[in-house]
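Everything below concerns the one structure shown next.
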Amino acid sequence: MNGPSGDIVVLDYGIGNLASAHRALVRLGARARLVRDPAEAADPAGVVLPGVGAFGRCAEALQASGLIDVARRAIETGTPFLGICVGLQLLYEGSAEAPGTPGLGVVGGVVGRLPAGVKCPQIQWNQLEPLGGRPAELLAGLPERPWMYFVHSYAPPIGPETVAACDYGGPVAAAIERDNLWGTQFHPEKSGTLGLRVLANFVARTGAGDPRR
Amino acid sequence: MRSVRVIPCLDVTGGRVVKGVRFVDLADAGDPVALAARYDFEGADELAFLDITASHEGRDTMVEVVERTAEQVFIPLTVGGGVRSAEDARRLLRAGAEKVSVNTAALDAPDLVARLADEFGSQCVVVAVDARRRVEGGGWEVYTHGGRRPTGVDALAWCARAAELGAGELLLTSMDRDGTRDGYDLELTAAVSGSLRVPVIASGGVGTLEHLVDGALIGKADALLAASIFHSGQHSVGEAKAYLEARGVVVRPSAGAGG
C-alpha cells in the first residue's frame, strides 16, 4: 500500500499512448495518477482504463501487469470506473478481433467489427446520438448531439447499458453507463472542450476534483 | 456519418515553425505550441507536426514540443519526420502524439509498418506517401527524402501494400502540387481513396478554399491537410470549415468546437 488513496488512478499497462487521459485529467485539476504497480492503486476514488491498439494485446498486457485486479475490484466495489476505447471494449466478454481472448466480461456481449461499406478504421469526429431515453450522467452539460473523436475498427454491441451511439455505416455504440461503470468508444481526452467536459463529469463523480474549481 | 477532417500542418525545425507563418497578433508565431492552440481554438480537427530536420537532436526537440502541445491542446496530433524505429514512435506517442507518420523508413523496411501496427495498433500508424506523376506510362511514382529521390515504386501499389501491412491511415502528398497552390492532385487522391478501405489524408497544393472542397468531393479524401493557406492568414480554419459545410461537405462545426 504505497500511493495515497482517494485519487483517480489511470491504469498504465504499457500499451501505446495511455498518458493522454492522465494529462487531460490533470488539466482539469483532478487528483490523478498514472499507475503501473497494482500496489499503488489501493482504494482509489476512481479508475480509468484507457486502451489503444489491438484488443488481444491490450487484454494480455492488462492481465500481465496485474492491473486487471485493480479494474475488477473497482468494478465490484462500485468505485467510479471509466473505460476508454479499447478500455471500454475490455469490459465485454470478448472481441471478434481476438477470438479466444476473454475480456473482463462485466458487460454482456462480444465486441464486433465496424459495419462493411465504410472506411475502416473510423478515424474522424462523429456526432453522438443519445439512446435509451434517459439522461446520461457522463454526457451531462453537453449539447444534445456533441461531436467526439473516434479511432477504432471494432465496437461493442448496442445493449441496455448503451447511452449514446454514432452513425457509421449503421448505429455504432459510442458510450455506456451502468451504475459505477462508464465507458466511451470515442476519446474524450482528444475531443477538445466537449471531451474534457465528459472527463470533468467523471471527475465530479469520483470526488477527486479540485475543490477550488 | 462520415465527416471530413481539416488538418493544419506545421513544419517544425529546431522547435520552431518554419514556412511563412504570418499572424501578427500571435506574440510568437514561430512557436508551434502557440500556433497549435490557435488552430485548436479555430476548430481544427487534428494537427500535423512535421519535423523537417529529422536529425537526432531534432527528434529530442520534437518530443519536447509534442509534450508541451499535448498539455494544452486536446485534439489529435500526428507527428512525422525522421521516425525510423519503434523506439522513435514510442517516445512521440508517450509524449502525447496520437499518431506517428512514417515515410522513407517504411519504404526502406516495410516491416517497420507491421511492427508499429503490432506494437501500438494500426490507428497510431500513418504511412506518408510522397508521389509524383510519371512523365511516361501514366500513374504515380513514390519519392522519398522530401520528394527528391525517386524510388521506382508505383504509388498506388505502395499505398495498398502499406494498408495491408497495417497502416491505419495514408497521408498522400502530391509532390507535383506541393507548394504550388494549384490544388490537390485530385486524380491521385481519388485513385487511392477510392480503392482502399483505410482513410486517406489529401496533401499538397491547397491555395483556395475551393481546393479543399474539391479534395473532399472529387478527391474523396477523408481528411484535408493544408499549411500556407492557414499560416499566411489568408483563411482561418473556421472559415475553411464554414465554406466546406456550405458546399455540402460534412464537417464538425467550428462553433462549439474551440475554446
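Side notes on the structure shown:
- Note on the stretch A:30-72: residues that are of a type in the set (D, E, K, R), part of a helix (DSSP H, G or I), more than 16 Å from the chain's Cα centre (by Cα) and away from chain B (no Cβ under 14 Å) amount to 2.
- Some residue of the stretch A:163-173 being over 29 Å from residue B:163 (Cα atoms) and either among the polar types (S, T, N, Q) or in contact with a strand residue (DSSP E or B) (Cβ under 9 Å, 6 or more places away or on another chain) (or both): yes
- Filtered residue count, the stretch A:114-136, keeping only those that are within 14 Å of chain B (Cβ to nearest Cβ) and part of a loop (DSSP other than H, G, I, E, B): 9
- Those residues of the stretch B:149-168 which are of a type in the set (Asp, Glu) and either surrounded by 14 or more Cβ atoms within 10 Å (Cβ to Cβ) or in a strand (DSSP E or B) (or both), in sequence order: B:154
- First in the stretch B:76-89 and at pLDDT 90 or above and part of a loop (DSSP other than H, G, I, E, B), second anywhere and open to solvent by less than 20 Å² (accessible area, probe 1.4 Å) and of a type in the set (A, V, I, L, M, F, W, C), Cβ under 6 Å, 6 or more apart: B:83/B:89; B:83/B:100; B:83/B:102; B:84/B:105
- Residues in the stretch B:67-95 that are among the hydrophobic types (A, V, I, L, M, F, W, C), more than 9 Å from chain A (Cβ to nearest Cβ) and over 15 Å from the mean Cα position of the chain (by Cα): B:86, B:89.
- Restricting the stretch A:75-112 to residues that are touching a residue at least 60 places away in the same chain (Cβ under 8 Å) and in a strand (DSSP E or B), the residue that is farthest from residue A:50 (Cα to Cα): A:81
- Any hit, the stretch A:137-151, residues being without any contact (Cβ under 8 Å) to a residue 40 or more places away in the chain and either open to solvent by less than 40 Å² (accessible area, probe 1.4 Å) or in a strand (DSSP E or B) (or both): yes
- When the residues of the stretch A:183-195 are filtered to those that are under 17 Å from residue B:47 (Cβ atoms) and open to solvent by 10 Å² or more (accessible area, probe 1.4 Å), the one that is farthest from the other protein chains (Cβ to nearest Cβ) is A:189.
- Candidates A:204, A:174, filtered to the one that is small (Gly, Ala, Ser), over 17 Å from residue A:83 (Cβ atoms) and not in a loop (DSSP other than H, G, I, E, B): A:204
- Whenever a residue of the stretch B:96-107 is more than 10 Å from chain A (Cβ to nearest Cβ) and in a loop (DSSP other than H, G, I, E, B), its partners that are among the β-branched types (Val, Ile, Thr) and surrounded by fewer than 24 Cβ atoms within 10 Å (Cβ to Cβ), lying with C-beta atoms within less than 9 angstrom and at least six residues away or across chains, give the pairs B:103/B:144.
- When residues in the stretch B:217-226 are screened for being over 12 Å from the mean Cα position of the chain (by Cα) and open to solvent by 10 Å² or more (accessible area, probe 1.4 Å), 3 of them pass.
- Residue that is nearest to residue B:11 (Cα to Cα) [pool: residues in the stretch B:227-241 that are outside any loop (DSSP other than H, G, I, E, B) and open to solvent by 30 Å² or more (accessible area, probe 1.4 Å)]: B:228
- Residue satisfying condition, being at pLDDT 95 or above and open to solvent by less than 60 Å² (accessible area, probe 1.4 Å), within set A:108, A:207: A:108
- Residue that is in contact with a helix residue (DSSP H, G or I) (Cβ under 6 Å, 6 or more places away or on another chain), open to solvent by 20 Å² or more (accessible area, probe 1.4 Å) and among the aliphatic types (A, V, I, L, M), where the choices are A:62, A:34: A:34
- Within the stretch B:202-247, no residue satisfies the criterion of being of a type in the set (Asp, Glu) and at pLDDT below 95.
- With respect to the stated conditions, residue A:77 is polar (S, T, N, Q), loosely packed, with under 15 Cβ neighbours inside 10 Å and more than 16 Å from the chain's Cα centre (by Cα).
- Search result, residues across the stretch B:113-148 that are assigned to a helix (DSSP H, G or I) and surrounded by fewer than 22 Cβ atoms within 10 Å (Cβ to Cβ): B:114, B:115, B:117, B:118, B:119
- For the stretch B:171-213, a tally of residues being open to solvent by less than 40 Å² (accessible area, probe 1.4 Å) and assigned to a loop (DSSP other than H, G, I, E, B) returns 11.
The values are calculated or read from the model by the stated rules, or taken from the named source; none is laboratory data. Source: prediction; values computed, not measured. Because the Cβ atoms are built from the backbone with ideal geometry, glycine has one as well, and the counts that use them run over all protein chains shown. Each accessible area value is taken on the protein alone, full model and side chains, heavy atoms only, with ligands, DNA and RNA left out. Shrake-Rupley method; radii C 1.70, N 1.55, O 1.52, S 1.80 Å.
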